[in-house]
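Below you'll find the structure, written out as structure tokens, and then a few comments.
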Amino acid sequence: MSGGVSNVTVENALFWNSRRAVRIKTAAGRGGYVRDITYHNLTFEDVRVGIVIKTDYNEHPNGEFDPRALPVLQDISYSSIHGKGVRVPVRIQGSDDIPVRNVTFRDMSAGTTDKQHIFQCAYVEGRVIGSVYPAPCDNLDLYNEHEQLVKKSTSQNISDIDYSF
């Protein structure tokens, strides 16, 4: 991704027998933004990783890119996500330079197959609303189904830089 992607909705989709279901990948040197992305009513069946956001995808067409061109990832929501046979439901890998901001999960049951299949998060901030299984990352705020704060995260790993446009 270079440039910018915004106002995208992915809904009513089935992903099966796949390594990855939905993925956003970018890296330093790409610049631009990924924002206002909505995923709704997705089903995962026999998927290794259901949701992936990766900010160190270091493939560039050539060596001539500006490593200081950092992409912005924000305002990404996932709702009504269900499935079975999912090894890792969520893997969000932000970084100190490229944090992932304002990610929301609502109504999710990934149907994992054993105890090691958990949310994996780094340098992400956001919230979980209502019921989400398996347990979400510690660095996400927890809200009840009425969107009332239940537990504020104490470990979001993100500086106070304002990345909004």
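Observations on the structure shown:
- Partner aspartates and glutamates for Lys151 [C-alpha distance under 19 Å; skip if fewer than 8 residues away on the same chain]: Asp107, Glu125, Asp138, Asp141
- Extension gain from Asp138 to Asp96, taking 0.36 nm per residue of separation minus the Cα-Cα distance: 13.4 nm
- Fluctuation leader among Asn102, Asn139, Asn58 - the chain, Gaussian network, Cα springs under 10 angstrom: Asn58
- Among Ile118, Ile51, Ile24, sorting on how many other beta-carbon atoms sit within 10 Å of each Cβ, with the fewest leading, yields Ile118, Ile24, Ile51.
- Stretchable slack from Gln120 to Arg87, in nm (0.36 nm times residue separation minus alpha-carbon distance): 10.7 nm
- Straightening the chain between Asp56 and Leu149 buys 30.3 nm, computed as 0.36 nm per residue apart minus the Cα-Cα spacing.
- Normalised by residue number, the volume inside the convex hull of the Cα atoms of the chain is 117 Å³ per residue.
- Rg followed by Dmax, in Å, when segment 1-86 is reduced to its Cα trace: 14.5, 43
- Residue range of the chain that is longest and free of trypsin sites (Lys or Arg not before Pro) which are both DSSP loop and sparsely packed (at most 11 other C-beta within 10 Å): 1-67
- Long-range HN-HN contacts of Cys121 with modeled amide H, under 5 Å: Ile92
- Proximity of backbone amide H atoms, modeled 1.01 Å from N, is registered between Glu45 and Phe15, Trp16, Asn17, Lys84 at under 5 Å, excluding neighbours fewer than 5 places apart on the same chain.
- Between Glu64 and Asp107, the simple spin-label model (points 7 angstrom out along Cα→Cβ) gives 5.0 nm.
Coordinate-derived values only; no laboratory data. Source: prediction; values computed, not measured. Positions of Cβ are generated from backbone atoms using ideal geometry, with glycine treated the same way; all protein chains shown enter the neighbour counts.
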